[in-house]
Amino acid sequence: MSERTEGVAIGRPLGHSEPSRWSGSPGGSDPVRVTPTCMNNPNRNNKTMANYYATARSNYFAVKDEKAFREWAARLGLTVVEDAVRGKSAKGIRRFGISPGNRDGGGGWPFNVRNEETGGYDFVVVAEQLSGHLADDEVAVLVEVRYNDLRYVTGLAEAVNNKGNAEFVSLDSIYTAARRLGKNITRAEY
């Protein structure tokens, strides 16, 4: 379906069938705030783990069909913004950006959407679906930062074109690059 081009870090190419760190917790219904309990971990004494927060946005890009794009974004609960600073490009092309909206302090890219027919949730990959809306030669860049009370901080970015080709990078790729500088490397987490 999509072609994976060389990337900087190990990541999820378009069309990946399982949720990843990019897409949030598998099976969860709220991609914004995840508060799992530790019922099965005797070291946690049935306490709730820290909240996991995220914030995300895209760059600005042109689309083939504005109406279809806006309908798709609304189905996923995305906020569509226009490039108010630059307005139209020299060619008179309108450009749009997307974000997960202003839900409870921000939010990551949705990884599931409610299926009204079944009452369940359908897994979605925003970048994969967005690629079908992009105008020729346009590239959308989706960035996201997540954190768990500063215990874990992750950053992810994916670029996709209208042909479904993608590049994916993660802040975790710094650990691979750091190996070239020395052997004593600890992770930025506690």
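Which count do you get for residues in region 138-167 that are assigned to a loop (DSSP other than H, G, I, E, B) and either under 17 Å from the mean Cα position of the chain (by Cα) or modelled with pLDDT under 95 (or both)?
We begin by selecting, within region 138-167, every residue assigned to a loop (DSSP other than H, G, I, E, B); these are 138, 149-151, 162-165.
Next, from what is left, pick out any that are either under 17 Å from the mean Cα position of the chain (by Cα) or modelled with pLDDT under 95 (or both): 149-151, 164-165.
Count: 5.
Return yes or no: is TYR121 in contact with an Asp or Glu (Cβ under 9 Å, 6 or more places away or on another chain), farther than 28 Å from PHE61 by Cα and not small (Gly, Ala, Ser)?
Values: in contact with an Asp or Glu (Cβ under 9 Å, 6 or more places away or on another chain): no; farther than 28 Å from PHE61 by Cα: yes; not small (Gly, Ala, Ser): yes.
No; evaluated as a whole, the condition is false for this residue.
Please go through region 111-137 and pick out each residue that is closer than 18 Å to ALA166 by Cα and at pLDDT below 90. Let's see the steps before the verdict.
Taking region 111-137 first, the residues closer than 18 Å to ALA166 by Cα are 111, 124-137.
PHE111, VAL124, listed by residue number.
May I ask you to list pairs of residues, at least six apart or on different chains, whose Cβ atoms are under 8 Å apart, with the first in region 169-190 being closer than 20 Å to GLU144 by Cα and charged (D, E, K, R) and the second being part of a loop (DSSP other than H, G, I, E, B) and at pLDDT below 95?
The qualifying pairs are ASP172/ALA9; GLU189/ARG151.
With the structure loaded, tell me whether SER131 is under 19 Å from ALA73 (Cβ atoms) and either surrounded by 13 or more Cβ atoms within 10 Å (Cβ to Cβ) or in contact (Cβ under 8 Å) with a residue 60 or more places away in the chain (or both) or whether it fails that test. Write out each step before concluding.
Details: under 19 Å from ALA73 (Cβ atoms): yes; either surrounded by 13 or more Cβ atoms within 10 Å (Cβ to Cβ) or in contact (Cβ under 8 Å) with a residue 60 or more places away in the chain (or both): yes.
Here the answer is yes, as SER131 does meet what is asked.
The values are calculated or read from the model by the stated rules, or taken from the named source; none is laboratory data. Predicted model, so just to flag it, every value in this text is computed and none were measured. Counting neighbours? That spans all protein chains shown, and the Cβs are built from the backbone with ideal geometry, glycine included.
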